[in-house]
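Here is the structure we will look at.
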Amino acid sequence: SFFPMADRPATSVRRSGGKLQASQDRNLQTKVLAGLTKLDSVHTCPNGVSELQRIVRTMSKSQIPLFLNLLCKIIDKRPTATRKECASLFGYLACQRGLALKPYLDTIIRNLVRRLNDPSAEVHKRVSRVMA
């Protein structure tokens, strides 16, 4: 896993957050996976982008590692359009969350650099814009 605490299943109970935190994490995981699935289709992609951006704006700081872990794990197995939108989502996340991402910058940058090896030129262009 990329982030501490993100390896644990969303059903686990964290000492600091208890059952409420576990429930919120399960809810976040479900919403993120649903949003990522919507990115796979041309017809539902705009809705998926909106939903994922809403999640970025509203999730708690403690949920950032879970969100990033889901995004980083799933991106390789998706169609080109999804990989392109995920690259943009990293940029949106940085704009919305700023310094809260500092502990995760190394992993985010590594993931974006790996996207530069993507077979699609569209993904390369999007990553270049995000990293600029």
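The values are calculated or read from the model by the stated rules, or taken from the named source; none is laboratory data. No experiment lies behind these values; they were computed from the predicted model shown. No Cβ is skipped: glycine too gets one built from the backbone with ideal geometry, and neighbour counts run over all protein chains shown. Each accessible area value is taken on the protein alone, full model and side chains, heavy atoms only, with ligands, DNA and RNA left out. Shrake-Rupley method; radii C 1.70, N 1.55, O 1.52, S 1.80 Å.
Scanning segment 90-100 for residues that are under 12 Å from the mean Cα position of the chain (by Cα), open to solvent by 10 Å² or more (accessible area, probe 1.4 Å) and modelled with pLDDT under 95 turns up GLY91, ALA94. The set of residues in segment 115-132 being closer than 20 Å to ILE74 by Cβ and outside any helix (DSSP H, G or I) consists of LEU116, ASN117, ASP118, PRO119, SER120. Counting residues in segment 16-34 that are of a type outside the set (Phe, Trp, Tyr), modelled with pLDDT of 95 or more and closer than 20 Å to ALA132 by Cβ gives zero. Just checking, does segment 70-86 include any residue being surrounded by 17 or more Cβ atoms within 10 Å (Cβ to Cβ), at pLDDT below 95 and in contact with a Gly (Cβ under 9 Å, 6 or more places away or on another chain)? For segment 70-86, residues surrounded by 17 or more Cβ atoms within 10 Å (Cβ to Cβ), at pLDDT below 95 and in contact with a Gly (Cβ under 9 Å, 6 or more places away or on another chain): present. If only residues of segment 24-69 that are within 20 Å of ALA94 (Cα to Cα) and not in a helix (DSSP H, G or I) are counted, the one that is least open to solvent (accessible area, probe 1.4 Å) is MET59.
Scanning segment 101-130 for residues that are among the aliphatic types (A, V, I, L, M), surrounded by 13 or more Cβ atoms within 10 Å (Cβ to Cβ) and without any contact (Cβ under 8 Å) to a residue 40 or more places away in the chain yields LEU101, LEU112.
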